[in-house]
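Derivation of every value follows stated rules applied to the coordinates shown; laboratory data play no part. Keep in mind that this is a model prediction, so the values were computed, not measured. Using ideal geometry, Cβ is built from the backbone for each residue, glycine included, and neighbour counts are taken over all protein chains shown.
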Amino acid sequence: MLGFLLIVLLIPYLIAAYALLLVKLKWGLKQFGALIVAIIGLLTAMFFVEAYPIIERDGLAVFLEVRWDPVRESYGVLQALTGTILTSAVAIALAMPMALGVAVTINEILPARLRGIFGSLVDLTATMPTVIFGLWGLFVLGPFLQDAVNFVSRSLVGDDVMTSPYTLFTAGVLLAIMITPYAAAVIREGYALVPKPVEEAIYAMGATKFEAALIKLRYARNYILGGFFLALGRAMGETVAVAMVVGGNFSRFTTNIFESGITISSLIALQFPNAAAYQYMVPALFAGALLLTLFGLAINAVAIYIIQRGQI
Amino acid sequence: MAPQMFSWSRTFHRVTEGKIQVNYQSIGSGAGAAQFLEKKLDFGASDVPMPRARYEQAAGRFVQFPVIIGSIVLVYNLPELAYSKTGKYLNLTSEVISLIYMGEIKQWCDPRIKALNPGLADKLPCKEIVAVHRSDGSGTTAAFTLYLSRAYQPWNQTVGWGFTVNWPADEKAKGMGAKGNEGVAQAVLQTPHSIGYVEFAYWSKNKDKYDKVGGVAFVRNDNDGKYYFPTAENVAMGAAAGLERYTKKYGAKPAPDADWNPVSIELSNPPRGYPILAFTYVFLWKDYAAEGYGDAATKVALLKEFFRWVLTEGQKPANVVEGFIPLPPEVAKIGLEALELVKP
């Protein structure tokens with residue numbers, strides 16, 4: 001299957017590369033664009049083919065039910081989808097303000113000499129291996145969050161709400177820290193591209209530095225949206241770090257972010273190594289991958305719609 | 001099992017003066033068995049015997065034999081009765097362990113836990129138990145759940161055993177998963193009022209840390225009614241007793257090309273000794289040339305040399321990683337006989 005896909009994709013790739021370099025630039029670029037669409041389509045088709053045995057057996061139940069019982073060959077991935085949505089939501093909610101803050105700080109507040117250094121440092125955190133973030137989450141962030149959340153909850157509701165250091169919330173906060181540099185990099189570039197005359201006009205209107213920053217952010221809103229979706233994609237797909245701190249609870253449907261849970265990508269990472277020992281686990285994991293892909297495509301469709309409707 | 005294989009392959013590389021390099025990767029027991037059968041690997045190693053369905057696919061064409069014994073311990077985090085404060089470890093039984101992971105025993109002050117620990121009864125806190133289990137599929141989970149299935153009938157009916165199971169405590173109580181032995185070990189150290197199961201080595205290396213926040217449990221062998229601490233002697237006693245039971249039941253020692261699932265079942269919850277233990281197995285083809293391996297003669301010679309060393313020199317205390325138990329000589333002999341079945 002994979003070998004076949006490789007050949008199917010390699011041929012158009014070579015034709016496109018040939019066209020791009022030797023025949024006509026525009027044709028080649030178009031073909032590469034089409035190739036990307038074809039790759040996504042073929043991947044989705046492959047997920048469907050691999051997941052087909054369990055879809056054939058259980059129908060759509062595999063997407064709509066909550067269970068993970070390999071002993072009885074009974075699988076459902078809904079809890080993993082809600083886990084992905086909840087951790088990504090926490091991550092985005094925390095990361096976007098941080099990313100905006102980083103972008104404005106670098107462009108407005110820091111002295112020019114330090115901008116480059118600070119910017120490179122932020123970019124550097126994006127290159128850190130995710131397993132390092134995972135270990136940090138395991139040893140430092142998880143226990144710290146548990147203490148902090150329980151300290152607050154004891155004074156608010158009189159009880160501990162976070163009984164373990166490894167929860168959906170821990171994963172969300174860790175993801176927020178991991179995706180901030182991605183969003184920040186895009187927003188920072190957009191912010192820096194605000195034309196000088198526009199900036200001068202803003203100040204000429206008597207805007208304070210804070211108001212100017214707000215107006216410039218509004219000007220760069222397409223970049224903010226781009227950063228948002230890039231970061232969201234990273235958050236939804238992150239595997240290793242999340243698998244280490246999410247709490248690995250496969251069989252409970254929960255919407256309480258302070259409980260342990262699971263995400264689709266961490267479920268795949270955790271269960272794949274021994275999945276071959278079961279008849280339907282590999283198809284069930286591919287069903288999870290298919291669900292995540294379709295969900296990602298749906299989000300991107302919404303994004304494209306929003307961007308096109310709100311053309312500046 | 002990975003630490004022991006790495007250590008053997010390193011030592012063997014040294015004793016052969018760098019001539020022979022055994023490349024072992026820890027990819028998971030299920031994947032190891034599957035890739036061995038797909039002939040992507042020269043040999044496979046697994047914490048469980050070849051599963052029955054897969055065994056039947058290749059029955060008679062390959063051999064499996066134990067190379068080392070591992071044991072699983074229950075570690076807990078209970079600051080109120082940490083070993084460093086009380087000088088005592090908890091007593092547990094298969095029934096209580098099962099009920100905790102089934103979400104039926106929810107609090108540490110449950111009368112069923114108190115009854116096993118009269119000396120600590122007044123100190124057991126009325127806090128909810130966080131039951132930590134593996135979130136990845138693992139041979140450790142398979143051995144642990146096999147023990148519970150064997151020792152406590154209701155567990156067998158409601159949960160069963162395997163690389164991954166559906167933990168009722170996840171739904172009914174405060175169940176939680178962690179990745180790898182190291183993840184469970186860390187989660188228990190970090191989470192007050194938690195309990196978890198790990199390979200022996202992951203406790204023994206961090207013994208002092210556990211003693212500060214809790215400790216490791218004595219486990220009752222339900223067959224002789226005694227509580228056993230997970231020492232090397234008690235685990236070895238369990239292995240010998242389990243094998244004795246197998247031989248009595250089936251009339252002979254297991255053969256290398258037989259299905260070893262009955263052996264792992266008899267070994268679990270043995271008549272005496274520490275009850276949570278398992279063999280680690282190695283799989284070899286009987287005829288590498290016929291299975292389509294290239295350069296079969298050289299490969300077989302190297303594999304035989306390595307495993308002969310593992311089953312003899314490798315079993316000496318200096319070559320066994322702390323936490324693993326060397327094979328009794330009569331079990332090592334089964335492996336040596338298995339090597340004879342591999343065609344040169």
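Excluding A:L168 itself, calculate the net charge of residues whose Cβ lies under 15 Å from the Cβ of A:L168, where each Lys or Arg counts +1 and each Asp or Glu counts -1.
On the way: positive: A:R252, B:K174; negative: A:E238, A:E259, B:D170.
Cβ neighbours under 15 Å give a net charge of -1.
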Calculate I(q)/I(0) for segment A:210-312 by the Debye formula, one identical point scatterer on each C-alpha and no solvent, and give its log10 at q = 0.16, 0.17, 0.23 Å⁻¹ to two decimals. -0.84, -0.90, -1.22
Cα-based Rg / Dmax (Å) for segment B:110-187: 14.1, 38
Chain B: relative contact order from alpha carbon pairs under 8 Å, six or more residues apart, as a whole percent, is 28
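What average count of beta carbons from other chains do you get within 10 Å of the Cβ of residues in A:241-249? Numbers along the way, then the final one.
Numbers: counts 0, 0, 7, 7, 4, 5, 8, 15, 10.
Average per residue, whole number: 6.
How high is the FRET efficiency from A:Y203 to A:T293, r the C-beta distance, R0 35 Å, rounded to 0.05? Don't skip to the answer; put the middle values down first.
On the way: r = 47 Å, r/R0 = 1.34.
E(calc), rounded to 0.05, equals 0.15.
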Reachable aspartates and glutamates from B:K286, criterion Cα separation under 18 angstrom, eight or more residues apart if same chain: B:E38, B:D42, B:E56, B:D257, B:D259, B:D295, B:E305, B:E337, B:E340
Let's test this: bin the Cα-Cα distances of the protein assembly as shown at 10 Å from zero up to the farthest pair and state each bin's percent. 3, 14, 21, 23, 19, 12, 6, 2, 1, 0
Taking chain B as the reference, fit the longest principal axis to its C-alpha atoms, fit the long axis of helix B:180-190 to the helix C-alpha atoms, and give the angle between the two in degrees, 0 to 90, nearest 10. 20
Given the Cα-Cα distance of B:K85 and B:A58 and 0.36 nm per residue of separation, how much length would full extension add, in nm? 4.3 nm
For q = 0.17, 0.23, 0.26 Å⁻¹, Debye-computed log10 I/I(0) when each Cα of segment A:112-188 counts as one equal scatterer: -0.74, -0.98, -1.11
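Excluding A:V194 itself, what net charge comes from residues whose Cβ is under 12 Å from its Cβ, given Lys and Arg +1 and Asp and Glu -1?
Working: positive: A:R188, A:K196, A:K216, A:R218, A:R221; negative: A:E108, A:E189, A:E199, A:E200.
With Lys, Arg at +1 and Asp, Glu at -1, the neighbours total +1.
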What FRET efficiency comes out for the pair A:V302/A:D147, r = Cβ-Cβ distance, R0 = 45 Å, nearest 0.05? 0.75
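Would you please put B:28-36, B:318-326, B:189-197 in order of how densely packed they are, using the mean number of other Cβ atoms within 10 angstrom per residue and starting with the highest? Intermediate values should be presented prior to the final figure.
Working: B:28-36: 24.8, B:318-326: 17.6, B:189-197: 23.1.
So the peptides B:28-36, B:318-326, B:189-197, ranked by packing, come out B:28-36, B:189-197, B:318-326.
When Cβ neighbours within 10 Å are restricted to other protein chains, what is their mean count per residue of peptide A:253-260? All intermediate terms of the calculation are to be shown ahead of the outcome.
Values: counts 1, 2, 0, 0, 0, 0, 4, 10.
So the per-residue partner count for this stretch is 2.
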Cα long-axis angle, helix B:296-311 against chain B (0 to 90 degrees, to the nearest 10): 40
Relative contact order, percent, chain A [alpha-carbon distance under 8 Å, six or more residues apart]: 27
For B:K249, list the lysines whose Cα falls under 21 Å from its own Cα; do not include residues on the same chain fewer than 8 positions away. B:K333
Mind checking the angle between helix B:139-151 and chain B's longest principal axis? C-alpha axes, 0 to 90 degrees, to the nearest 10. 60
Lysines near B:K205 by alpha-carbon distance under 22 Å, same-chain residues fewer than 8 away left out - which ones? B:K85, B:K88, B:K179, B:K316
Over all directions, how big on average is the projection of the convex hull of the alpha-carbon atoms in segment B:203-270, in square nanometres? 5.9
Among residues other than B:W8 whose Cβ falls under 13 Å from its Cβ, what is the net charge (Lys/Arg +1, Asp/Glu -1)? +2
Computed on alpha carbon atoms, what radius of gyration and Dmax characterise segment B:220-324, expressed in Å? 17.1, 54
Can you give the relative contact order of segment A:12-102 as a percent, counting alpha carbon pairs under 8 Å and 6+ residues apart? 13
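At 0.890 mPa s and 25 °C, plugging the Kirkwood radius over alpha-carbon pairs of chain B into Stokes-Einstein gives what diffusion coefficient in µm²/s? Numbers along the way, then the final one.
Working: Rh = 20.7 Å.
Answer from the Stokes-Einstein relation: 118 µm²/s.
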Give me the number: length gained by fully extending B:K19 to B:K304, i.e. 0.36 nm times residue separation minus the C-alpha to C-alpha distance, one decimal in nm. 101.1 nm
Integer Hz, Karplus 6.51/-1.76/1.60 couplings in order for segment B:55-64, x for Gly and Pro: 4, 5, 4, 10, 4, x, 9, 9, 10, 9
Which residues' amide hydrogens lie under 5 Å from the amide hydrogen of B:G162, considering only partners 5 or more residues apart or on another chain, with H built in the peptide plane? B:T145, B:L146
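Anything over 24 Å Cα to Cα? Flag those among B:K123/B:K209; A:K26/A:K196; B:K123/B:K207; B:K226/B:K248, in the order listed. Please list the in-between numbers first.
On the way: B:K123/B:K209 20 Å; A:K26/A:K196 33 Å; B:K123/B:K207 22 Å; B:K226/B:K248 22 Å.
Correct reply: A:K26/A:K196.
Give me B:L120, B:L327, A:L230 ranked fewest to most by other Cβ atoms within 10 Å of their Cβ, as a rough exposure proxy. Before the final figure, lay out the partial values.
Working: B:L120 19, B:L327 26, A:L230 15.
Ordered by Cβ neighbours within 10 Å, fewest first: A:L230, B:L120, B:L327.
Which helices of chain A meet both criteria: a Cα extent of 20 Å or more along the helical axis and a mean Kyte-Doolittle score no lower than -1.0, with helices taken as whole DSSP H segments? All intermediate terms of the calculation are to be shown ahead of the outcome.
On the way: long enough: A:2-18 (24 Å, 2.49); A:25-58 (48 Å, 1.04); A:78-104 (39 Å, 1.79); A:112-127 (24 Å, 0.69); A:142-156 (21 Å, 0.32); A:168-192 (35 Å, 1.38); A:221-237 (24 Å, 0.68); A:281-309 (42 Å, 1.78).
Membrane-span-like by this criterion, though nothing is claimed about a membrane: A:2-18, A:25-58, A:78-104, A:112-127, A:142-156, A:168-192, A:221-237, A:281-309.
What average number of partner chain Cβ atoms lie no more than 10 Å from the Cβ of the residues making up B:18-28?
Working: counts 0, 0, 0, 0, 0, 0, 0, 0, 1, 2, 7.
Average per residue, whole number: 1.
Place the peptides B:7-15, B:125-133 in order of packing, highest mean first, counting for every residue the other Cβ atoms within 10 Å and averaging per peptide. The partial results should precede the final answer.
On the way: B:7-15: 15.8, B:125-133: 21.3.
Result, highest mean first: B:125-133, B:7-15.
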What number does segment A:74-311 give for Rg over Rh if you use C-alpha atoms and the Kirkwood radius? 1.04
Would you calculate a helix-derived [θ] at 222 nm for chain A, using -39,500 (n - 2.57) for each DSSP H run of n ≥ 4 and dividing by the full residue count, to the nearest 500? -24500 deg cm²/dmol
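Over segment A:2-59, consider all pairs of different Cα atoms and compute the Kirkwood hydrodynamic radius from their mean reciprocal separation; express it in Å, one decimal. Walk me through the numbers before you get to the answer.
Details: mean 1/r = 0.0781 Å⁻¹.
Every distinct Cα pair counted, the radius reaches 12.8 Å.
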